[in-house]
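Visitor: Please see the structure below; I have some questions.
The values are calculated or read from the model by the stated rules, or taken from the named source; none is laboratory data. Since the model is a prediction, treat every value here as computed from it, not as a measurement. Cβ placement follows ideal geometry from the backbone for every residue including glycine, while neighbour counts extend to all protein chains displayed. All accessible areas refer to the heavy atoms of the entire protein, side chains included, with ligands and DNA or RNA removed. Shrake-Rupley method; radii C 1.70, N 1.55, O 1.52, S 1.80 Å.
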Amino acid sequence: MAKKTLLIDTGDGGRFLLAADADGLRVGDGPAHTAGLLRGLRVVRVRCEVEVEDDRDDLPVDEPGVLTRRALRPGTSLQVGHARLSMSGADSSPSPAPVADAAPEPEESPAAGPRRLKVIDGGDQGRAFRLPDDGTVTVGKPGGEADIGLHDFYVMPVHCSLELTEAGITVTHVDGASGTLIDGQRIAGPQVLRPGHVLRVGNSHLKLEVGPFADEPPAPAADSGPKSARVLRPPPPEPEPEADPEAGLTGQMVGHYRIGRLLGRGHTGAVYEAVHAQTGQGAALKVFDPSFPASSAELDRFAREVKAAQAVRHPNLVTMYGAGRSPAGCWLARECVPGESAAEVIARVAGGEKPSWTRAARVAVHLARALDGLHGHRLVHGNITPNNVLLRAEDLATKLADLRLAQALDGSRLQKAVLEEKLLAELPYLAPEQADPGAFVDDLADLYAVGAVAYALIAGRPPVGGDSPEEILEQIQAGRVVRPSQIYRKVPPAFDGVVMKLLARHQEDRYPTAAALLADLAPLAESHDLKV
């Protein structure tokens, strides 16, 4: 059969529809208006070229199952589901690729074997849900009214319903602004789901498969009794062998990431080395305690704060790659920074290692640069502590981690459960106004924390301390701090003054901006030949 290429052009980028299915091609002005139908075609390949105008160096691409986005740049390509996106440079167009020969597809007939929906992308990737021969099946969030529960930020309690007969399956959207899609096309009403087609609900992609299935044991003999009008829920998984507490999730998939060795455990979860299964990009993956989120409100707040953080990029901020929810729990994927944290350095100084005021000054410069960029986005970090100040080994660069994490967990059950333990560790680095429930807190609290971290790098301890939160609060409010130069005499007066100004009890006595702090640190770095 001869192959032909159809070229479809439109000058209106906001009103256009092209739909390819078993009936042929539909062309129109939108999902509700088909202007023309080309029947009797067998579509063997779809190549779409879209001309856009945009001044950005790269275009962000929403990736299923995550909250942050990858970027598509001129001359590069990204795999998105079953499609590959590529972008040419300005004023150039890629030449059409030849259409590859495709094996003829058999004529569709009613499903002759068992059917299931298998998650091929999203938080539940790899799971399969067997479907009954007939009845109604609903898809939504786990633990509610839905028959099929998906761990997905964007899935509603009941998102869509499936009407099943032996002859076919009809999908109807129920709730959710993102809609329900079949093979990338948003359905406007009840629509048939055929074997091999992909149902998208939120950020989860479920492929309709017809058995027998090689990865499932043979089904028992059919019962001669009446068929159930409801879905047969998937059999409970076999109990997994008891996990090694030191290994945790090592070797498992979380979202798009293959988990490597455990890097450490914190108050709210564990951090692992990880590799993106599709791109091969390395990451540090933080998996939160299973108790989070305890409600939809906690999940909504987490998603909102992560989205606020995802747009911020700076050389001295740890880059966030993604965030999502999987059966293992909520997770954050971020840049992996080989080196050590400021907390490790402070512990060594406390143990007798000779302090270095130049190291503290370099950290202060890099943190000030990060805050200058962050505050330019009208964002406050709010939780700068030695544990999230990372010192990269290869070039001694300082990277600030956990942007907006404190806000993302604010008020959650998990935060309340670990509050006292966290307070003892982190309270000494909070500004006085953060310890006062009625005080106004702004970006000057971040500048105080920069001073507290720099102080601790010299002294081997924070500027204030105590055996209980109450004792620490009392010292914070008193504002009496021993000067760094009294602890380590080699601290020059200029840097001594910078640190004390950052630690001022009253906000109006501190540096007004990160830029003003940098202006004082620049001549200090130059006069002492600091590599910053």
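Visitor: How do the pairs read when you match residues in segment 275-298 that are of a type in the set (K, R) with residues anywhere that are surrounded by 13 or more Cβ atoms within 10 Å (Cβ to Cβ), using Cβ under 6 Å and keeping only pairs 6 or more apart or on different chains?
Guide: From segment 275-298, the pairs are K286/G269; K286/V271; K286/L332.
Visitor: Tally the residues that are in contact (Cβ under 8 Å) with a residue 24 or more places away in the chain and either of a type outside the set (A, V, I, L, M) or open to solvent by 10 Å² or more (accessible area, probe 1.4 Å) (or both), restricting the search to segment 142-155.
Guide: 5
Visitor: Now for a different question. Six or more apart or on different chains, Cβ atoms under 9 Å: show the pairs whose first residue is in segment 307-330 and over 18 Å from A514 (Cβ atoms) and whose second is of a type in the set (D, E, K, R) and in a helix (DSSP H, G or I).
Guide: The qualifying pairs are A323/K307.
Visitor: Within segment 197-218, how many residues are in a loop (DSSP other than H, G, I, E, B) and either open to solvent by less than 30 Å² (accessible area, probe 1.4 Å) or modelled with pLDDT of 90 or more (or both)?
Guide: 5
Visitor: Going by the conditions given, is L457 in a helix (DSSP H, G or I) and open to solvent by 10 Å² or more (accessible area, probe 1.4 Å)?
Guide: Against the criterion (in a helix (DSSP H, G or I) and open to solvent by 10 Å² or more (accessible area, probe 1.4 Å)), L457 does not qualify.
Visitor: Being within 23 Å of K531 (Cβ to Cβ) and either at pLDDT below 95 or outside any helix (DSSP H, G or I) (or both) is the filter here, so list the residues in segment 375-387 that pass it.
Guide: If the condition is that a residue be within 23 Å of K531 (Cβ to Cβ) and either at pLDDT below 95 or outside any helix (DSSP H, G or I) (or both), then I384 is the only one that fits.
Visitor: For segment 122-139, state whether one or more residues are open to solvent by less than 10 Å² (accessible area, probe 1.4 Å), in a loop (DSSP other than H, G, I, E, B) and under 27 Å from S295 (Cα atoms).
Guide: Checked against the condition, which is being open to solvent by less than 10 Å² (accessible area, probe 1.4 Å), in a loop (DSSP other than H, G, I, E, B) and under 27 Å from S295 (Cα atoms), segment 122-139 yields at least one hit.
Visitor: Just checking, which of R413, R404, R489, R483 is in contact (Cβ under 8 Å) with a residue 24 or more places away in the chain, among the charged types (D, E, K, R) and either touching a Lys or Arg at 6+ places or on another chain (Cβ under 9 Å) or open to solvent by 50 Å² or more (accessible area, probe 1.4 Å) (or both)?
Guide: Just one listed residue meets the conditions, R413.
Visitor: Scan (1) open to solvent by less than 60 Å² (accessible area, probe 1.4 Å); (2) outside any strand (DSSP E or B); (3) over 20 Å from G264 (Cβ atoms); (4) not charged (D, E, K, R) for the single condition L396 breaks and write down its number.
Guide: (1)
Visitor: Then there's this: Only residues that are open to solvent by less than 20 Å² (accessible area, probe 1.4 Å), at pLDDT 95 or above and out of contact with any helix residue (DSSP H, G or I) (no Cβ under 9 Å at 6 or more places or on another chain): list them for segment 322-370, please.
Guide: H366
Visitor: In the list L430, L457, L391, which residue meets the criterion of being touching a Phe, Trp or Tyr at 6+ places or on another chain (Cβ under 9 Å) and either free of Cβ contacts under 8 Å to residues at least 60 places away in the same chain or within 21 Å of G269 (Cα to Cα) (or both)?
Guide: Going through L430, L457, L391 in turn, just one is touching a Phe, Trp or Tyr at 6+ places or on another chain (Cβ under 9 Å) and either free of Cβ contacts under 8 Å to residues at least 60 places away in the same chain or within 21 Å of G269 (Cα to Cα) (or both): L430.
Visitor: May I ask you to list pairs of residues, at least six apart or on different chains, whose Cβ atoms are under 6 Å apart, with the first in segment 41-62 being within 26 Å of G202 (Cα to Cα) and the second being open to solvent by 100 Å² or more (accessible area, probe 1.4 Å) and in a loop (DSSP other than H, G, I, E, B)?
Guide: Listed pairs, sorted by first residue: D58/R73.
Each row is one residue, and each column tells you yes or no for (1) modelled with pLDDT of 85 or more; (2) under 21 Å from V345 (Cβ atoms); (3) in a loop (DSSP other than H, G, I, E, B).
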| residue | (1), (2), (3) |
| --- | --- |
| A425 | no, yes, no |
| P437 | no, no, yes |
| P462 | yes, yes, yes |
| A494 | yes, no, no |
| V498 | yes, yes, no |
